[in-house]
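The values are calculated or read from the model by the stated rules, or taken from the named source; none is laboratory data. Keep in mind the model is a prediction, meaning the values are calculated, not measured. Backbone-built Cβ (ideal geometry, glycine too); neighbour counts: all protein chains shown.
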Amino acid sequence: MGTYNFQVTTQTLYVLGALLSAKHEISGADIARLTKLSSGTLYPILMRLEHHRWIESQWEVGDPHKLGRPRRRLYQITAIGARSARKEFKQIKTAIGGLAWDAS
Amino acid sequence: MGRFLSNLLAELCAGEVMAWLPWIALRITRVAVRALPKAHRERYEEEWRGHLNEVPGALTKLGLACGFAWAAVKTRFDQVRVAEITFYYGVIVPFLALMLPMMGFMSAVWALRARRGYVASLLVDMGSSRDLQITIDRIPLGLALHLALSPHVSLESLDRSSYHYSIWCPSLSVEIEEFIGTRVLHSDPFLRFGMKKSPLPLGWRNAKVGASRHK
């Protein structure tokens with residue numbers, strides 16, 4: 001895996017994959033549902049990715065009083081994040097391809 | 001009857017506990033939010049409450065809240081680690097990089113100076129056929145180095161009271177002055193430095209000699 005200021009773990013890749021595959025902005029609850037990660041794992045990853053500008057987030061449009069519930073924070077992947085994530089996936093694919101080649 | 005009552009009581013207790021669980025989950029979330037760095041608290045309070053709201057089931061909410069607490073603890077640790085790393089690479093490493101060589105050099109100089117056991121012969125060039133030789137023990141390192149680098153040192157420079165070798169070894173200039181004062185000089189004398197004996201510390205040298213004698 002590439003060298004960044006933070007460690008790109010398998011869980012981080014799950015999160016990036018979920019964000020890449022989403023057609024629109026998704027909330028933390030949606031990401032948790034898609035990746036099946038616990039909140040204790042998911043939120044530190046989201047914080048780290050946001051800190052390094054791989055993802056960005058914004059509040060759901062609407063007044064919480066009118067919505068009748070707390071607003072959701074919606075996440076989407078940035079151009080840098082998408083590029084880096086694709087690079088990571090490509091490296092993994094290459095590594096797995098190499099392993100498959102070795103096995104045969 | 002007793003069984004019915006106990007079942008009823010258990011049912012009531014379970015209902016009560018299940019009713020309290022969302023409240024407990026919310027309390028845990030608040031505690032977790034408070035554990036976060038100040039800049040993140042407001043945002044994550046709303047975000048996590050929103051996430052709790054989206055999850056069905058009291059027990060799931062409790063589990064989710066515990067996850068938030070764990071996330072807060074991890075974030076806190078990450079922050080501490082970042083602060084530690086920043087402090088380490090920003091302050092400690094440059095400080096050590098600067099100070100260690102300086103400290104090493106200073107301690108080496110101090111150790112060499114503390115020996116004060118350098119033996120050297122100073123040849124006083126009288127400008128005549130008869131040069132005079134003074135053998136001085138316990139020359140300070142600075143003077144030994146200086147004399148080695150500049151072979152002709154004017155005695156006037158050693159006579160000056162502000163001269164730093166006089167501060168290091170005040171008796172030296174007095175000693176030379178007294179020695180020269182007893183002689184009639186025809187020209188300005190110069191000091192020539194010639195190390196006849198080993199520049200090693202006297203104590204070490206004597207110890208070695210002593211040891212060989214014992215054999």
(request) State the number of residues belonging to the range B:75-87 that are loosely packed, with under 11 Cβ neighbours inside 10 Å and at pLDDT 85 or above. (result) 0
(message) The conditions are (1) closer than 21 Å to B:ASN53 by Cα; (2) surrounded by fewer than 21 Cβ atoms within 10 Å (Cβ to Cβ), and A:ALA22 fails exactly one of them. Which is it?
(response) (1)
(request) Give the residue that is surrounded by the fewest Cβ atoms within 10 Å (Cβ to Cβ), with candidates limited to residues of the range A:25-59 that are more than 8 Å from chain B (Cβ to nearest Cβ) and among the charged types (D, E, K, R). (result) A:LYS36
(message) Go through the range B:46-69 and report how many residues are in contact (Cβ under 8 Å) with a residue 12 or more places away in the chain, facing chain A (nearest Cβ under 10 Å) and more than 24 Å from A:TRP59 (Cβ to Cβ).
(response) 1
(message) Please list, ordered by residue number, the helices (runs of 4 or more DSSP H) wholly in the range A:1-71 having 3 or more residues that are farther than 17 Å from B:THR75 by Cβ.
(response) A:10-21, A:28-35, A:64-67
(message) Checking the structure you have, find out if any residue of the range A:6-16 is more than 12 Å from every other protein chain (Cβ to nearest Cβ), among the aromatic types (Phe, Trp, Tyr) and within 21 Å of B:VAL55 (Cα to Cα).
(response) yes
(message) When you scan the range B:22-40, do you find a residue that is assigned to a helix (DSSP H, G or I), closer than 19 Å to A:LEU42 by Cβ and within 8 Å of chain A (Cβ to nearest Cβ), even just one?
(response) yes
(message) Looking at B:ALA58, B:ALA72 in this structure, which one is under 49 Å from the mean Cα position of the chain (by Cα), surrounded by 13 or more Cβ atoms within 10 Å (Cβ to Cβ) and aliphatic (A, V, I, L, M)?
(response) B:ALA72
